[in-house]
1. Of G155, A72, T140, whose Cα points farthest to the positive end of the dipole of the chain (charges on the beta-carbon: +1 Lys, Arg; -1 Asp, Glu; origin at the Cα centre)?
2. Rounded to the nearest 10 degrees, what's the angle between the helix 267-278 long axis and the longest principal axis of the chain, both from Cα atoms, 0 to 90?
3. For region 74-126, what is the relative contact order in percent, using Cα pairs closer than 8 Å and at least 6 residues apart in sequence?
4. Restricting to Cα pairs below 8 Å that are 6+ residues apart, what does the relative contact order work out to for the chain? Please round to a whole percent.
5. 5 Å is the cut-off here: which amide hydrogens, built 1.01 Å from N in the peptide plane, fall below it relative to G116, excluding neighbours closer than 5 in sequence?
6. Report the full-extension gain for the segment R166 to R215: residue separation times 0.36 nm, less the Cα-Cα distance, to one decimal in nm.
7. Express the carbon and sulfur contribution to the solvent-accessible surface of region 168-282 as a percent, rounded to the nearest whole number, probe 1.4 angstrom.
8. Could you please report the charge total around F61, scoring K, R as +1 and D, E as -1 over all other residues with beta-carbon less than 9 angstrom from its beta-carbon?
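The values are calculated or read from the model by the stated rules, or taken from the named source; none is laboratory data. What you are looking at is a predicted structure, and each value in this text was computed from that prediction instead of being measured. Ideal geometry is used to build each Cβ from the backbone, glycine not excepted, and the neighbour counts take in all protein chains shown. Heads up: the accessible areas ignore ligands, DNA and RNA and are worked out on the full protein's heavy atoms, side chains in. Shrake-Rupley method; radii C 1.70, N 1.55, O 1.52, S 1.80 Å.
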Amino acid sequence: MSEQASGTTSATRFQVVLPDESPVMPPRVLADLARRAEELGADALWLPDHLLPPAPYGTTFGGVYEPLVTLAHLAARTERVRLGTSVLVAAMRDPFTLAKQAATLHALSGGRFVLGVGVGWSREEFAAVGADFATRGARTDETLRLLRHLFEGSGPFRGRFHSYDRGVFEPRPASPLPVTVGGASEPALARAAALGDAWQGVGLDAAGFARRRDRLRELTERPVRAQTRIAWDGGEAGFDGAVDLYRALEREGADAVAVWFGDWEGFGERMERFAAAVLRPA
């Protein structure tokens, strides 16, 4: 989103978390919303990830449509907007397959893919898919290191969980494939500082965002972008509060704010109303 297009001098980028919580939502809705968001000037679109949650999909568990496959479809239906996962639970996935999928999606989208990762929080879901909950943080760190290694094509890899001596990886990204680390905990901030290009908080007010942003700056001198997610799913009081929160995060210097607009029915109208409010001078 350019400053000229938005009509504001804010450096905060408006992003959208697409709805992917309802099994009855027609798949075409995601493509329609993606195009509408791009027309509004959204900088990025995000999709959640849950493979086998212990309860029905809904506000707690998103990811009915697998995010990487879905983003490949959305890449063909959009032109400029970036496309990412918020967040993919990396420790539940084979890292070599994930590397192949991510690099392929980055190529198919013309370099627009952003790999957003998190460690996950549902012990039951990890057990259901045969993944180790206790080592999820270490596995996530190693996955990110392995992906960087494969993308750079620099020979054998030795890790605690995964190693190889010989192998050819393609397609190697023609442009950097950015990694966003999600979460608001100290380990998430440390992971973003060490291995990420950006950090994305969730469930934070402006003061909470600022504290964690400052902590991130203490942990690294690298230019890791500080971003966060908020939500507005309808209602007048909720609308005013969400706009006020967006403005407060803007004043705190958030590099981007991603907004989820609730249920897929009415999502587009809520998105357009919110964008009209925040993409203009306060």
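1. Highest projection toward the positive end goes to G155.
2. Tilt of helix 267-278: around 70 degrees.
3. Dividing the mean separation by the residue count of region 74-126 yields 51 percent.
4. In percent, rounded to a whole number, it is 20.
5. Sorted by chain and number, the residues that satisfy this are T85, L88, T180.
6. Length gained, R166 through R215: 13.7 nm.
7. In region 168-282, the share of accessible area belonging to carbon and sulfur is 52 percent.
8. Once all neighbours under 9 Å are counted, the net charge is -2.
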